[in-house]
1. How many of the residues making up the stretch 1-57 are among the basic types (K, R), under 19 Å from V110 (Cβ atoms) and free of Cβ contacts under 8 Å to residues at least 24 places away in the same chain?
2. Count, please, the residues in the stretch 32-64 that happen to be assigned to a loop (DSSP other than H, G, I, E, B), under 23 Å from D11 (Cβ atoms) and of a type in the set (S, T, Y).
3. Against the condition small (G, A, S) and under 19 Å from M112 (Cβ atoms), how does G49 come out, does it pass?
Amino acid sequence: MGKRRELEKRDGLRFRCQAVVDRFGTKPGYRGPPVSTILLRNVIDASTGNLLTDHLWFTTGKWSSGLVVGMSFQFDARATDYIKGYQGHREVYDAPVSRDWKLERPTKTVIMREETV
C-alpha cells in the first residue's frame, strides 16, 4: 500500500465517509488483553463518492457496535498522519520508516445496507 494521497489532501479535516466491513480481528494490547479491531474496505468520501483508500484498520468501540461483515455504513472521521514502520532499537529490522495517512475518531455511524459477501 502506498501513500493515501486523498487522505493527505484532507489532513486535519473532519468529513463524512462510507465503507464496507471486511472482517474483525485482534491486535496485542500494550501490557493488557488483546484489542478488538475492524478492517474496512473501499473507504470513500460520502459526499463525492471518491475513493479515499482501499482499506483501513480501526480499533472497535461504541461507534462500531451493530456492524457485521459485509455491511455498508457511513461515519464521520478526521484525516491525520502517522509514522509507520519499526521504530525500535534493534538493528535486525531494515524496514524503512515512512509517513502515511489514516482516519481517526470515527463517530455518527449510520448503517446503509448489508452487502452479500
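1. 1
2. 2
3. Yes: the conditions hold for G49.
Bear in mind these aren't lab numbers, they're just calculated from the coordinates by the rules spelled out. Since this is a predicted model, take the numbers as computed values, not measurements. Because the Cβ atoms are built from the backbone with ideal geometry, glycine has one as well, and the counts that use them run over all protein chains shown.
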